[in-house]
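Remarks on the structure that follows.
The values are calculated or read from the model by the stated rules, or taken from the named source; none is laboratory data. Bear in mind that the values here come from a model prediction, so they are computed numbers and not experimental data. Reconstructed Cβ throughout: ideal geometry from the backbone, glycine too, with neighbour counts over all protein chains shown. These accessible areas exclude ligands, DNA and RNA; they are computed on the full protein's heavy atoms, side chains included. Shrake-Rupley method; radii C 1.70, N 1.55, O 1.52, S 1.80 Å.
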Amino acid sequence: MSPDPKTVQAAQLLITQLGLTAEDLLRAPTDLPTFAQYVPKVVAASGPGAVRTYGTYWARIIEAFGDRRLDAVTATDIEALKQHLVANRRIRRNDRGGQSVAEHLVSAMRSIYTRAINDNLLPPNHNPALKVPKPRPRPTTRYALATTEVAPLVNTIASTGRDAVLDTLLFRLHLESACRRGGALALREEDLEPTSCLIRLREKNHTERMQPVSPTLMASLLAHREHRGNGRPTAEPLLRHSNGDPINRRRYDRMWQRLADRIPWVAARNVSTHWLRHTTLT
């Protein structure tokens, strides 16, 4: 018995209004993974920067929605989780009302649905995180440090800590090149070009640039490579502790915490390496 054309037409209209396709109707809902099953795949397919930024939020998403299928969470559920994380966030010195918490949670949820759609687990229109608004970006509070502010930072770095030589080199590198922390950590021993006084910086979004530096800084970087590294151009990390181990982000955390403990305005304004990127040497 052939179906009634009017019934078929009504069904097609309903499917269109729901934003579905015939392929969507063939997808078996029971085949959908839960968040606990799928989020680890998202983490594995993400780069180190994304994992560092969203890893905590993906863990919170698993805690909240782990036993639910990907299609079983609504925009209201996501909004409720966002408000919960904002209300229970750790208050830091640079806290701005939980804006970054809200923004990162929504981005983390959107990335999960985007990958699920790309994997053909969900229809293209099924991304409830898109219905949860992100907070609007606020103007930055960072500005260039004055010479009178840079001087006490240099003096404190040079006179405190277990490795003042390394900290002074890091500070000078950021002050001259305006590089990001990730750019400094990615420096290799082969990235120094002494003849032209250039260093190769690999920074955010896989960008690379050749950055001029002063002969003084270049000489210090070469001396650092000679005494703490291989003494020649290699693909190994350039910046190292006195024992030869490459530095990591914690080196910066300790350095700026030491400065904040000794210089009140550093703590009050939450000054960090980012501020040096706005500062121009004269």
Average accessible surface area per residue within the chain, 1.4 Å rolling probe, Å² = 58
ask   = So, in nm, how far is label residue 36 from label residue 107 when the simple model puts each one 7 Å beyond its Cα toward the Cβ?
value = 2.8
key: Separation in nanometres of the label points that stand 7 Å from Cα toward Cβ, at residue 162 and residue 274   = 2.8
query = So for 31, 163, 71, 119, what's the accessible-area order with a 1.4 Å probe, most first?
reply = 31, 119, 71, 163
ask   = Cα centroids of segment 188-266 and segment 42-81: how far apart, whole angstrom?
value = 35
key: Probe 1.4 Å, all protein chains present, accessible-area order of 167, 253, largest first   = 253, 167
task = Compute the length gained on full extension between residue 126 and residue 63: take 0.36 nm times their separation in residues and subtract their Cα-Cα distance, giving the result in nm to one decimal.
result = 20.5 nm
ask   = Could you give me the ³J(HN,Hα) list for segment 187-201, computed from phi with Karplus coefficients 6.51, -1.76, 1.60 and θ = phi - 60°, whole Hz, x at Gly and Pro?
value = 4, 10, 5, 8, 8, 9, 10, x, 4, 9, 6, 10, 10, 8, 10
task = Take the Cα of residue 216, step 7 Å along the line toward its Cβ, and report every residue of segment 154-173 whose backbone nitrogen sits under 19 Å from that point.
result = 154-160, 164-173
remark   = With a Förster distance of 45 angstrom and the Cβ-Cβ distance between residue 193 and residue 75, calculated FRET efficiency to the nearest 0.05 equals 0.30
inquiry  = Once you keep just the Cα pairs under 8 angstrom separated by 6 or more residues, what percentage relative contact order results for the chain?
reply    = 16
key: Accessible surface of residue 63 - all protein chains present, 1.4 Å probe, nearest 10 Å²   = 130
request  = Output the peptides 50-61, 180-191 sorted from most to least packed, where packing is the average of other Cβ atoms within 10 Å over each peptide's residues.
outcome  = 180-191, 50-61
ask   = Counting only protein heavy atoms and using a 1.4 Å probe, what share of the accessible area of the chain belongs to carbon plus sulfur, as a whole percent?
value = 53
ask   = Percent of alpha carbon pairs in segment 156-263 separated by more than 18 Å?
value = 46
ask   = Taking θ as phi - 60°, what are the ³J(HN,Hα) couplings along segment 48-61 by the Karplus curve (6.51, -1.76, 1.60), each to the nearest whole Hz, with x for Gly and Pro?
value = x, x, 5, 5, 5, 7, 10, x, 4, 6, 4, 5, 5, 5
task = Specify which labelled value, from (i) 126, 42, 25; (ii) 88, 41, 32; (iii) 44, 40, 37, agrees with Cα extents along the principal axes in Å derived from the coordinates of the model shown.
result = (ii)
ask   = What is the log10 of I(q)/I(0) for segment 34-92, computed with the Debye formula using one identical point scatterer on each Cα and no solvent, at q = 0.22 Å⁻¹?
value = -0.95
